[in-house]
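Q: Below: one structure in structure tokens.
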Amino acid sequence: ISGSLGVALYPNDAQNADNLIVNADQAMYMVKEAGRNGFGYFTAALQDAAHARQSLIRDLGDALPGKQLAVHYQPIVELATGKIYKAEALLRWQHPERGLVSPAEFIPLAEETGLIHEIGDWVFYQAIRELAQWRELLVPEFQISVNVSPIQFRERQGSDRVSFKGFKKNWLNALNGLGLPGESVVFEITEGVLVDERASVTDKLLAMRDAGIQVALDDFGTGYSSLSYLKKLDIDYLKIDQSFVQNLENDINDQALCEAIIVMAHKLGLKVIAEGVETELQRDLLVGFGCDYAQGWLYSKALPADEF
Ligand code: C2E
Ligand code: MG
Ligand code: MG
């Protein structure tokens, strides 16, 4: 047994016992987040951060009804031909006062509060509506990748929400309604999804796969990079994390890792997408390694649908 201790001091941190305890509590949570088994002092910065977080969580509740969310699209380029028939849907939040808030900042809050269910559904419906148009007008085999959070694979809490069965049925119905085959959609998941045994996520993922939906493993190389998951699950694409691509020009270790990931993936029958390709030299190295697809600012940033 170990302990985590938060410290608040009278009279600087609070003027009464209740507030002292609240602030000591906050300091304790910080210690727990930092790995537990230690102690920490309450600070004003800690309080500011907690307030900022709380107000962002409050505002996030208005984002969807207030039409502050948008889906942008980033092309995924086939390296052998230079053709574009895939894109990743990336969520954007235009906050009325703060301006553009990064998904890296607000997705974790949406996951924590459960809002990710509504937001994730909305991203999916939005993306497939646009996809249906592009398939009709531009490229018949166009395919959209949608990021799916681990939380979306868990059962929803409360009776007014839809269960995973509902989520699956609704999403597939929506695809059918637009005349889209399962193959027109890729789910981007992180390894965190596969580690979460308690939700038996793999079964659910396999059920989606039965409908033809493809699966990409996002940010590969940064997490567990477990080879057993690659074997166990029918994954279609590996996305090499941009941290490997970033230093490709100068770092021979990153070159070796990228090449090894690509060779391994191909042996397992998977296609590889390199993320965060910003320079021609990076692209050329990846082409040399036999990489299948690239995505990054060299080609385009994520764009609103009409610009895309
Ligand atoms: P991700 O899925 O790995 O997406 C790739 C991120 O890299 C995107 O950041 C993209 O804009 C950025 N990027 C693309 N090309 C380049 C490049 O050449 N250089 C650099 N430096 N960055 C590049 P973004 O849009 O800020 O999204 C961050 C993360 O937020 C995503 O990482 C994804 O995990 C999450 N996210 C975004 N949209 C959604 C969503 O609709 N649902 C869920 N659950 N998560 C989302
Ligand atoms: Mg992604
Ligand atoms: Mg990624």
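Q: Working carefully through the options Leu233, Leu238, Leu270, Leu248, find the one that is over 22 Å from the mean Cα position of the chain (by Cα) and of a type outside the set (D, E, K, R).
A: Only one candidate qualifies: Leu248.
Q: I've got another one for you. Would you point out the residue of the range 271-290, among those that are open to solvent by less than 10 Å² (accessible area, probe 1.4 Å) and outside any strand (DSSP E or B), that is farthest from ligand 1 (Cβ to nearest atom)?
A: Leu286
Q: Would you be able to say whether some residue in the range 247-264 is part of a loop (DSSP other than H, G, I, E, B), within 20 Å of Ala216 (Cβ to Cβ) and within 15 Å of ligand 3 (Cβ to nearest atom)?
A: Checking the range 247-264: not a single residue is part of a loop (DSSP other than H, G, I, E, B), within 20 Å of Ala216 (Cβ to Cβ) and within 15 Å of ligand 3 (Cβ to nearest atom).
Q: Here's another thing I want to ask about it. Give the residue that is nearest to ligand 2 (Cβ to nearest atom), with candidates limited to residues of the range 171-191 that are open to solvent by 40 Å² or more (accessible area, probe 1.4 Å) and not hydrophobic (A, V, I, L, M, F, W, C).
A: Thr190
Q: On to the next question. Which one of Ala49, Ala70, Ala45 is assigned to a strand (DSSP E or B), hydrophobic (A, V, I, L, M, F, W, C) and open to solvent by 30 Å² or more (accessible area, probe 1.4 Å)? Lay out the reasoning, then the answer.
A: Values: Ala49 fails: assigned to a strand (DSSP E or B); Ala45 fails: assigned to a strand (DSSP E or B).
Of Ala49, Ala70, Ala45, the one residue that is assigned to a strand (DSSP E or B), hydrophobic (A, V, I, L, M, F, W, C) and open to solvent by 30 Å² or more (accessible area, probe 1.4 Å) is Ala70.
Q: Could we say that Gly61 is under 22 Å from the mean Cα position of the chain (by Cα) and within 30 Å of Ala24 (Cα to Cα) here?
A: yes
The values are calculated or read from the model by the stated rules, or taken from the named source; none is laboratory data. Computed from a predicted model, the values in this text were never measured in an experiment. Heads up, the Cβs are rebuilt from the backbone with ideal geometry, glycines too, and the neighbour counts pull from every protein chain shown. For the accessible areas, the whole protein counts, side chains as well, though only heavy atoms, and no ligand, DNA or RNA atoms are used. Shrake-Rupley method; radii C 1.70, N 1.55, O 1.52, S 1.80 Å.
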